[in-house]
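Since the structure comes first, as structure tokens, the remarks are kept for the end.
The values are calculated or read from the model by the stated rules, or taken from the named source; none is laboratory data. It should be emphasised that the depicted structure is a prediction, and the values quoted were computed from it without experimental measurement. Here the Cβ positions follow ideal geometry from the backbone for every residue, glycine too, while neighbour counts run over all protein chains shown. Heavy atoms of the whole protein, side chains included, go into the accessibility calculation; ligands, DNA and RNA do not. Shrake-Rupley method; radii C 1.70, N 1.55, O 1.52, S 1.80 Å.
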Amino acid sequence: MLADLRTNVARRLGLPQEEVFAGQPLSAVLVASPTAINSIDLLDAFAGALADAGVEEDVELPTMTLDHTAEDVVAALGKQLVPSSS
């Protein structure tokens, strides 16, 4: 599921997955993206990728700054996707 999420985020940002998830801050991803203009576009890419995966109603986008990485966002989303043990 997280691999699909990474693929769809990169596709929506118009960048290779290796570039989006290379450990650089989201601000650098934003500058490199030919489609994203501002942080709202980044949020839209992650929200759209969640919708592509069919889980948009099951998770909330985390609050993060542009100093975080795309992998930080995916990790936070992944924690929400882990089935509860109750």
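Structure notes:
- Label point distance in nm, Leu81-Asp58, each placed 7 Å from Cα along Cα→Cβ: 0.8 nm
- Label of the coordinate-derived value, log10 I(q)/I(0) by the Debye sum over Cα atoms at q = 0.11, 0.19, 0.25 Å⁻¹, listed as (i) -0.26, -0.76, -1.33; (ii) -0.54, -0.87, -1.12; (iii) -0.29, -0.83, -1.27: (i)
- Helix axis angle, 70-81 relative to the chain longest principal axis, alpha carbon, degrees: 10 degrees
- What a 1.4 Å probe finds exposed on the chain is 53% carbon and sulfur by accessible area, rounded to a whole percent.
- Solvent-accessible ranking of Asp41, Asp4, largest area first, probe 1.4 Å: Asp4, Asp41
- Sequence-distant contacts, meaning Cα pairs under 8 Å at least 6 residues apart, place the relative contact order of region 1-85 at 35 percent.
- C-alpha long axis of helix 2-13 to longest principal axis of the chain, angle in °: 30 degrees
- When the charge dipole of the chain is built from unit charges on Cβ atoms (+1 for Lys and Arg, -1 for Asp and Glu) and taken about the Cα centre, the candidate among Ala51, Leu15, Met1 whose Cα reaches farthest toward its positive end is Leu15.
- Full-stretch length increase - Asp67, Thr35 - with 0.36 nm per residue and alpha-carbon distance subtracted: 9.6 nm
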